[in-house]
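Asks: First the structure, which I've put down as C-alpha cells, then a few questions once you've had a look.
Every read-out reported here was derived from the displayed coordinates using simple, explicitly stated rules and does not represent laboratory data. Predicted model, so just to flag it, every value in this text is computed and none were measured. Ideal geometry is used to build each Cβ from the backbone, glycine not excepted, and the neighbour counts take in all protein chains shown.
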Amino acid sequence: LYPTELKASNTIPTHKPAKKDKSSSKAWRPVEQHASVLAKPLERLMPNRISFLPETCGVFDRDEYGGRLSHSTLQAASSFIHQSRKHMDRGMIVTTLFFNPKGAYNNI
C-alpha cells in the first residue's frame, strides 16, 4: 500500500541536550529525514484510510485498544480492572502476565 520510494530515509543521530556524556549511546536520538516531502503526510493518512473500513464494519473486537482512535491506555487499564474484579467476584482465579520488551522499539 505504501510506495517503496517514500519509505526511503536517512537516520541522523541528534544529541539530547539534557545528556552531558556524548560517548553514551543513550545521549543520542535517531531522527529520520525522509527523501520525499509527501512521506510524512502520507504516513499519517495511511493508518486512517486502512482502519476506516474495519472500524465502520465492526471488525475489531471491542476490547482491542492498540492503535485505534478514541481507545486510550486508560480505557484499556479500566477494562482490565473491571474484567478482573468481575471474575474474582464470581470466585474465579485471575492470573496475569505483563511483558515489557525493553529495547524492542530501538528506532522510534
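Asks: For the chain, which longest stretch is free of loop sites, where a loop site is one of the trypsin sites (Lys or Arg not before Pro) that DSSP puts outside H, G, I, E and B and that has at most 14 other Cβ atoms within 10 Å?
Replies: The answer is 23-61.
Asks: Additional query: Need the list of lysines near Lys7 for cross-linking: C-alpha distance under 21 angstrom, and skip anything on the same chain fewer than eight residues off.
Replies: Lys40
Asks: Now, a different point. Can you tell which of Ala39, Phe98, Gln83 lies farthest toward the positive end of the dipole of the chain, using +1 and -1 charges on the Cβ of basic and acidic side chains (Lys, Arg; Asp, Glu)?
Replies: The Cα lying farthest towards the positive end belongs to Phe98.
Asks: Right, another one. Angle, helix 73-89 long axis vs. longest principal axis of the chain, Cα atoms, 0 to 90°, nearest 10?
Replies: 20 degrees
Asks: Return the label of the correct value of volume of the Cα convex hull per residue in Å³, as calculated from the structure shown, out of (1) 180; (2) 67; (3) 110.
Replies: Read-out taken from this structure: (1).
Asks: How tilted is helix 39-57 with respect to the longest principal axis of the chain? Cα atoms for both, answer in degrees (0 to 90, nearest 10).
Replies: So the inclination is approximately 20 degrees.
Asks: Just to confirm the filter: which chymotrypsin sites (Phe, Trp or Tyr not before Pro) across segment 6-108 are DSSP coil and have at most 16 other Cβ within 10 angstrom of their Cβ?
Replies: Phe60, Phe98, Phe99, Tyr105
Asks: Would you compute, from DSSP H runs of 4+ residues alone, the mean residue ellipticity of the chain at 222 nm, taking -39500 (n - 2.57) per run and dividing by the full residue count, rounded to the nearest 500?
Replies: For the chain, the value works out to -12000 deg cm²/dmol.
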